[in-house]
Amino acid sequence: MIDINTFLTALYVVVDDFCKCTLPPEPATQPLPSLARSEVITLALFSQWHHFPSERAFYRYADHHLRDAFPRLPDRSQLNRLIRHHLDSVMAFFLHGIGMLHAQDCLYEALDSSAIPTRDAKRRGMGWLPGIADIGWSNRIGWYEGCHLLLSVNPQGVITGFGLASASSHDVPMAETFFAVRQTPHPQLPSVGHIGCGVYVADKGFAGHKNRQHWRETYHAEVIAPPQRNSKTPWSKPWRRWLAGIRQIVETVNEKLHHTFRLQRERPHDWSGLQVRLTAKIALHNFCIWFNQQLGRPNLAFADLIDW
């Protein structure tokens, strides 16, 4: 267990080195921004811990405890605008972390989807994200209003790519877009990451011989998924247990995102705000794995990483 200042310093040093070595110089503007890009990214990531129940709670903490480290900390609304403005830089740091961890030098990546509720499904009206968030079904929480998250996770728990769609989106179309963009990168969808060297393991939501054949032939994506239970060639129970066992890692990672990094509490009013906070959570998740490795700790031992 380490103290908060040590963790924050380590995070800032890694982010600052990344900004200086990888990103282009910040354009000169007048007046000068209150925070440098590396400071904004550091605060964006650090604010995602579940110890800060909301953006307001984090700002109160930063205002009282982080003024020495960030003497030019602006007011809360300006900080939020700065974080949204640097979405591309936060995304670039997430992608940098994948390479820093050599995350795709593995035998397989586990695919899974998860619900992100953004509003009570029983409330009337369009809400804050009309045309983006809608009604969908989740085995975990039932009917919900929000978005549908697709994750790709390696055996060590590192998130190698993700995609976000409306709650009513199904797994197969999302996987189709995910594989297509990994095969032919698109500048507006950098979050899916790059093609790895292993296969993908998925649950029965991604099943279907035609789908898997299409993905293999078109995108060189080999997907292993159990057939539906009404299939003429069902898997035996040992095979299903085997697949469930190696896919357990993505279930664990989903739990970390929803609880340790408070994804289940997000109630965004703006699409760019949801994008940057989700990207920051995933980048922080991967950074914590890297940091644990430097300390010789288990990859996903986040609960006792910081002495709060």
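The values are calculated or read from the model by the stated rules, or taken from the named source; none is laboratory data. Quantities reported herein were computed from a predicted structural model and do not represent experimental measurements. Note that we place each Cβ from the backbone using ideal geometry, even for glycine, and neighbour counts take in every protein chain shown.
Brief remarks follow.
- Among the residues of the stretch 269-308, the ones that are in a helix (DSSP H, G or I) and hydrophobic (A, V, I, L, M, F, W, C) come to 14 in all.
- Verdict on residue 110 being within 20 Å of the chain's Cα centre (by Cα), farther than 18 Å from residue 270 by Cα, not acidic (Asp, Glu) and not in a strand (DSSP E or B): no
- Filter result (surrounded by 17 or more Cβ atoms within 10 Å (Cβ to Cβ) and either of a type in the set (Gly, Ala, Ser) or out of contact with any Lys or Arg (no Cβ under 8 Å at 6 or more places or on another chain) (or both)) within the stretch 265-280: 273, 274, 275, 277, 278, 279, 280
- Close pairs (7 angstrom Cβ cut-off, 6 or more residues apart or separate chains): more than 18 Å from residue 177 (Cβ to Cβ) in the stretch 214-232, of a type in the set (Ser, Thr, Tyr) and surrounded by fewer than 16 Cβ atoms within 10 Å (Cβ to Cβ) anywhere: 227/233
- Just so you know, in the stretch 113-123 the residues that are of a type outside the set (Val, Ile, Thr), more than 15 Å from residue 282 (Cβ to Cβ) and part of a strand (DSSP E or B) include one that is nearest to the chain's Cα centre (by Cα), and it is 115.
- Only one of 36, 103 that is in contact with a Gly (Cβ under 9 Å, 6 or more places away or on another chain) and surrounded by 13 or more Cβ atoms within 10 Å (Cβ to Cβ): 103
- Out of 44, 62, 69, sole residue that is within 19 Å of residue 282 (Cα to Cα) and either free of Cβ contacts under 8 Å to residues at least 12 places away in the same chain or of a type in the set (A, V, I, L, M) (or both): 44
- Residue satisfying all of: in the stretch 176-205; under 16 Å from the mean Cα position of the chain (by Cα) and surrounded by 20 or more Cβ atoms within 10 Å (Cβ to Cβ); farthest from residue 282 (Cα to Cα) among these: 178
- Helices (runs of 4 or more DSSP H) enclosed by the stretch 19-107 - at least 3 residues per element that are closer than 22 Å to residue 294 by Cβ: 37-46, 87-100
- Here residue 39 passes the criteria (1) under 28 Å from residue 303 (Cβ atoms); (2) at pLDDT below 95 except the one numbered (2).
- Hits in the stretch 54-73 - residues which are farther than 23 Å from residue 3 by Cβ and exposed (fewer than 15 other Cβ atoms within 10 Å of the Cβ): 54, 56, 72
- Exclusive hit being in contact with a strand residue (DSSP E or B) (Cβ under 9 Å, 6 or more places away or on another chain), surrounded by fewer than 19 Cβ atoms within 10 Å (Cβ to Cβ) and either assigned to a helix (DSSP H, G or I) or at pLDDT below 95 (or both), set 218, 252, 233: 252
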